[in-house]
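Here is the structure we will look at.
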């Protein structure tokens, strides 16, 4: 056996590294798009979860502040880059938690308030459609809200 045949040649290493580099270059942009799509879907799902949480807390009259004697329910306030879960007592709503988005990537259309009164009676929903947009990939996900507070997320991404 010849000792010179036991190693790789420089040409073989260059060809192998070139092939690997080509595959990485072709798959990296698709991975970035996929990760942005996943982030958009997760942001929308998180909003739906908080929406359902506020609705359930209002229906069960779950008091955030135990000293509250005049419970008004819960509210979600939407603006372009965040939404806020609020607790209502005696006509005043105090912030419980603010959920912010990356202002460079995600924004919301359909701003306003969702009010959930105690026991779920007379729900005041001024918004019937919400759109989450990821500007990095220019895709959106739509959420619809019925007048009685049923929320539906359309998991298919659309170009916007």
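Results, tabulated for the structure shown:
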item: 3 or more residues surrounded by fewer than 16 Cβ atoms within 10 Å (Cβ to Cβ) and at pLDDT 85 or above: qualifying strands (runs of 3 or more DSSP E) within segment 85-143; result: 92-100
item: Filtered residue count, segment 89-117, keeping only those that are without any contact (Cβ under 8 Å) to a residue 24 or more places away in the chain and farther than 24 Å from residue 39 by Cα; result: 5
item: Scan of segment 71-87 for residues that are in contact (Cβ under 8 Å) with a residue 40 or more places away in the chain and closer than 17 Å to residue 106 by Cα, ordered by number; result: 78
item: Residues satisfying the stated conditions in segment 46-70, i.e. surrounded by fewer than 19 Cβ atoms within 10 Å (Cβ to Cβ), touching a residue at least 40 places away in the same chain (Cβ under 8 Å) and either closer than 15 Å to residue 122 by Cα or touching a helix residue (DSSP H, G or I) at 6+ places or on another chain (Cβ under 7 Å) (or both); result: 59, 61
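The values are calculated or read from the model by the stated rules, or taken from the named source; none is laboratory data. For clarity, every value in this text was computed on a predicted model and none was experimentally measured. In this analysis, Cβ positions are derived from the backbone assuming ideal geometry, glycine residues included, and neighbour counts consider all displayed protein chains.
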